[in-house]
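> Here's a structure for you.
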Amino acid sequence: MADDTRDQRTRMEQAEAIVDALQNDQIDAVVGKRGAFVLRLREVEQALRLSEERLRQAQRIFGFGLTDHNHLTGTLHWSPEMYRMRNWLEDREPDAAEVLKAVHSEDREAYLAALQRARSPNSDGSLSSEYRIICPDDSVRWISECSQTVFLGEGEARQPVRTIGVELDVTEKKQAEELLRESEARFRSMADGLPLMVTVHDPQGRQLFVNRTFRTYFGRDRGWTCDGRWESILHPDDGEFYLSQFQAGLREQKSFHTELRVRHADGQWRWIESFVSPRRSDKGVFLGLIGACVDITERKRTSQQLEQLMEDLERQVRERTFQAEQRATQLQAVTLQLTQAEESERRRMAQVLHDGLQQLLVGAQLSTRVIRARAQDNPDIAVATEQLSELIDECISSSRSLCHELSPTVLYQSGLVPALHWLVSQMRDKHDFALTVTADDLACDLPQTVSSFLFQAVRELLLNVQKHAGVGAAHIQVWQAGNELFLEVRDEGGGFDASSIDRQIVGGFGLFSIRERLDLLGGRMQIDSNPGQGTCITLVAEIVSTPDAQKRRRAEDLADQPIIREKALTRRDGEAIRVLLADDFKVMREGLAALLKEEADIEVIAQASNGAEALELARLHRPQVVVMDVTMPVMDGVEATRRIGAEMPWIRIIGLSMHDQVGAGDQMRKAGATLFLSKDGSLELLLAAVRGEIG
């Protein structure tokens, strides 16, 4: 074996001698034993120089250096890039021992072991290693080395003769890897400390990382992933949808958010909320998906409980609303009943005054006139009778005024708008107040209860203006819009703060009360007022067509038609005027009859207690004059006048009533009455009307 080694060395020395001779131009060529080829030194040198130049350019461009270690001579050759990379002076020849000593102490042992393995006779001679070196300037650099050792001999005689290697400075790479490791370590530490479950996936959807919270939640060991085993943790009803969302997120590189059920470590299904977003590098390259999940089971349970509570609350609200609506309806009905009761009581009291007290007073007045006519020869009785008559007149006037205050007849006979026009004269005569009314023709009428309420409210508003606004005038405007009636009361007075209506009282009928009661009657009130800027109050009520209103309009239409009268019946000289009296009050009829009987030219031929009876008696007795009361049972005086005038147009009809003349008088004249008089008026005026001297 020793001889073989010596032969190999001898051949190597001969080869090196030949190379030296070629380089020194001592020989031009070498001819092989078989004469297979001739190598021309010049050509070889030129090709070699070109190859070396290319190699140097490659080293400069890619930053790697070449090493050539001759184990037989112990020499070590570096390329220029090796000197730069190791910060080594080029005038110093590298020494293998010194180079080995430059390896970082922490990496030297592992590097020596790798060298020994690569140069072992049993190895293939390859070496790949990364290690740190200490440069002459004490800087530390990372070197990546790849080398190949050439061996001679076989078996135990196999010895390394030469090692050719490539070294690359990977310091920046190692620093970047270190930063990346530190970043990943920080991320893992942070992720493990989060109460959220965190997962990281690559662009193919493979799970790269799950944090400790995730593992604990699902009861898994460190390093566990659910790749390919989603069905083990996803609820069957939610898994397919979640996986489709996940695949779409990978495919379209987009975020998604969903809620799903998963199997907890305790085996129970629990709700989680998942937020997944794409990961990208600094250059925008898609790196995969990152997800965060949080357990929302309690939130879901709370939400379900809240939904149940909301359902219960909504049910209770519906029940309470229904009860409130019922109570509101009941309150509205009670309010309506109260308003109707108030109005009914007003009308009843007015009726009592009219049908009772006033009729009795008028009857007494008529009796005093009879007494006075019969006691002309007794001055004392005449004076007493005159005083009594004046006192009765005052009582009648007070009674009529109270009757109008309680329930104006024109409101029920003609409606709201005529009643407002009647109110003009009342405010002028009693309060010296200038009131004007502008009203459109209404297509429909209000219910009597609402009409009465509006009239009373308007009167109270006017009294409030007269007392507190500091002006003596106001304007009322009435118009209809759709199925609503608007009634506006406007003044240019001092105005007031509209927010004070809850406390303001107007003659016992406060604005707050008006608003509330109008609301309950299905209407509303609008107030526009400021101190020093006047006041405008608008009452709005719903209009409905009532049977009474329709009947009244038909009667008014008939009343508007002209009645063609024939020439009145003539009477012969000395013949008395035949008179029919129609009044539902017996005292009144008898009083009138007694007065008329005192007149020689007047004869009372019959008396009727209602309109229907008056019509029959007129047909039977054919009177020349009918003295007709307006308000009577069965058939009122207006209708009876219309029918008598239609059948017997020669009869002169004189309307007589305790009511005001604005409403009742107009109706009687439209129906065909020649004249309308008040029961408490002048007897001489009535006699002149009967005789046809007026009218």
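The values are calculated or read from the model by the stated rules, or taken from the named source; none is laboratory data. Model, not experiment: these values are computed from the prediction. Note that each Cβ is placed from the backbone with ideal geometry, even for glycine, and that neighbours are counted across all protein chains shown. Quick note on the areas: whole protein, heavy atoms, side chains included, nothing else; ligands and nucleic acids left out. Shrake-Rupley method; radii C 1.70, N 1.55, O 1.52, S 1.80 Å.
> What's the total number of residues in the stretch 668-695 that are of a type outside the set (D, E, K, R), open to solvent by 40 Å² or more (accessible area, probe 1.4 Å) and either more than 21 Å from R643 (Cβ to Cβ) or not in a loop (DSSP other than H, G, I, E, B) (or both)?
Here the count works out to 4.
> Next up: Quick one: count up the residues across the stretch 88-104 that are among the small types (G, A, S) and farther than 11 Å from Y131 by Cβ.
2
> Scan the stretch 433-471 for residues that are under 22 Å from S414 (Cβ atoms), among the small types (G, A, S) and open to solvent by less than 50 Å² (accessible area, probe 1.4 Å) and report the count.
Qualifying residue count, the stretch 433-471: 4.
> With the checklist (1) buried (at least 23 other Cβ atoms within 10 Å of the Cβ); (2) over 28 Å from V424 (Cβ atoms); (3) charged (D, E, K, R) in hand, flag the one item E603 doesn't pass.
Only one criterion in (1) buried (at least 23 other Cβ atoms within 10 Å of the Cβ); (2) over 28 Å from V424 (Cβ atoms); (3) charged (D, E, K, R) is unmet by E603, namely (1).
> May I pose another question? Which residues, counting only those in the stretch 256-300, are surrounded by 12 or more Cβ atoms within 10 Å (Cβ to Cβ) and among the small types (G, A, S)?
A265, S274, S277, G288, G291, A292
> Would you be able to say whether some residue in the stretch 73-85 is over 60 Å from the mean Cα position of the chain (by Cα) and touching a residue at least 60 places away in the same chain (Cβ under 8 Å)?
Yes, the stretch 73-85 has at least one match.
Residue-wise test of (1) at pLDDT 80 or above; (2) under 19 Å from L435 (Cβ atoms); (3) open to solvent by less than 40 Å² (accessible area, probe 1.4 Å).
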| site | (1), (2), (3) |
| --- | --- |
| A473 | yes, yes, no |
| R503 | no, no, no |
| G510 | no, no, yes |
| T538 | yes, yes, yes |
| A549 | no, no, yes |
| R553 | no, no, no |
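> Could you tell me which numbered condition I476 fails, if it satisfies all but one of (1) part of a helix (DSSP H, G or I); (2) under 16 Å from I537 (Cβ atoms); (3) in contact (Cβ under 8 Å) with a residue 40 or more places away in the chain?
Failed condition: (1).
> Spot the failing condition for R186; the list is (1) open to solvent by 90 Å² or more (accessible area, probe 1.4 Å); (2) touching a residue at least 12 places away in the same chain (Cβ under 8 Å); (3) not hydroxyl-bearing (S, T, Y), and only one is missed.
Among (1) open to solvent by 90 Å² or more (accessible area, probe 1.4 Å); (2) touching a residue at least 12 places away in the same chain (Cβ under 8 Å); (3) not hydroxyl-bearing (S, T, Y), R186 violates only (2).
One line per residue, one yes/no per condition, for (1) among the small types (G, A, S); (2) more than 19 Å from H71 (Cβ to Cβ); (3) modelled with pLDDT of 90 or more; (4) out of contact with any strand residue (DSSP E or B) (no Cβ under 6 Å at 6 or more places or on another chain):
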position	(1), (2), (3), (4)
P94	no, no, no, no
E106	no, yes, yes, yes
E109	no, yes, yes, yes
S126	yes, no, yes, no
E172	no, yes, no, yes
E177	no, yes, no, yes
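> Applying the selection to the stretch 106-120, what residues are small (G, A, S) and open to solvent by less than 40 Å² (accessible area, probe 1.4 Å)?
A113, A114, A118, S120
> Let me ask you something else. In the stretch 634-653, what residues are part of a helix (DSSP H, G or I) and acidic (D, E)?
Matches in the stretch 634-653: E639, E647.
> Separate question: Please specify each residue of the stretch 606-638 satisfying the condition of being surrounded by fewer than 17 Cβ atoms within 10 Å (Cβ to Cβ) and in contact with a strand residue (DSSP E or B) (Cβ under 7 Å, 6 or more places away or on another chain).
Answer for the stretch 606-638, where residues must be surrounded by fewer than 17 Cβ atoms within 10 Å (Cβ to Cβ) and in contact with a strand residue (DSSP E or B) (Cβ under 7 Å, 6 or more places away or on another chain): just H621.
> Output the residues belonging to the stretch 302-318 that are more than 24 Å from the chain's Cα centre (by Cα) and open to solvent by less than 100 Å² (accessible area, probe 1.4 Å).
If the condition is that a residue be more than 24 Å from the chain's Cα centre (by Cα) and open to solvent by less than 100 Å² (accessible area, probe 1.4 Å), then T302 is the only one that fits.
> Take the conditions of a type in the set (K, R) and touching a helix residue (DSSP H, G or I) at 6+ places or on another chain (Cβ under 9 Å) and apply them to R280. Does it pass?
No; evaluated as a whole, the condition is false for this residue.
> I want to confirm something. Restricting to the stretch 374-392 and keeping residues that are touching a helix residue (DSSP H, G or I) at 6+ places or on another chain (Cβ under 8 Å) and surrounded by 14 or more Cβ atoms within 10 Å (Cβ to Cβ), which single residue is modelled with the lowest pLDDT?
In this case the residue turns out to be A375.
> Report those strands (runs of 3 or more DSSP E) wholly inside the stretch 73-168 carrying at least 3 residues which are among the small types (G, A, S).
126-134
> Inspect all residues belonging to the stretch 400-418 and state whether any of them is touching a strand residue (DSSP E or B) at 6+ places or on another chain (Cβ under 8 Å), at pLDDT 70 or above and surrounded by 15 or more Cβ atoms within 10 Å (Cβ to Cβ).
yes
This table checks each residue for (1) in contact with a Lys or Arg (Cβ under 8 Å, 6 or more places away or on another chain); (2) more than 19 Å from L686 (Cα to Cα); (3) at pLDDT 85 or above.
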{"residue": "D560", "(1), (2), (3)": "yes, yes, no"}
{"residue": "E566", "(1), (2), (3)": "no, yes, no"}
{"residue": "L581", "(1), (2), (3)": "yes, no, yes"}
{"residue": "M588", "(1), (2), (3)": "yes, no, no"}
{"residue": "G591", "(1), (2), (3)": "no, no, no"}
{"residue": "A606", "(1), (2), (3)": "no, no, yes"}
{"residue": "S609", "(1), (2), (3)": "yes, yes, yes"}
{"residue": "L615", "(1), (2), (3)": "yes, yes, yes"}
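> Pairs needed: first member in the stretch 635-661, within 20 Å of G692 (Cβ to Cβ) and modelled with pLDDT under 95; second member anywhere, part of a loop (DSSP other than H, G, I, E, B) and acidic (D, E); C-beta distance under 6 Å; at least 6 residues apart or different chains.
Listed by first residue and then by second, the contacts come to P649/E566; W650/E566.
Residues are listed down the side, and each one gets a yes or a no for (1) at pLDDT 90 or above; (2) open to solvent by 20 Å² or more (accessible area, probe 1.4 Å); (3) of a type in the set (F, W, Y); (4) out of contact with any Leu (no Cβ under 8 Å at 6 or more places or on another chain):
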residue	(1), (2), (3), (4)
F209	no, no, yes, yes
D221	no, yes, no, yes
E231	no, yes, no, yes
D237	yes, yes, no, yes
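> Then there's this: Is at least one residue of the stretch 483-492 open to solvent by 40 Å² or more (accessible area, probe 1.4 Å), in contact with a helix residue (DSSP H, G or I) (Cβ under 9 Å, 6 or more places away or on another chain) and modelled with pLDDT of 85 or more?
yes
> With S105, S126 as the choices, which residue is in contact with a helix residue (DSSP H, G or I) (Cβ under 9 Å, 6 or more places away or on another chain) and among the hydroxyl-bearing types (S, T, Y)?
None of the others qualify; the one that does is S126.
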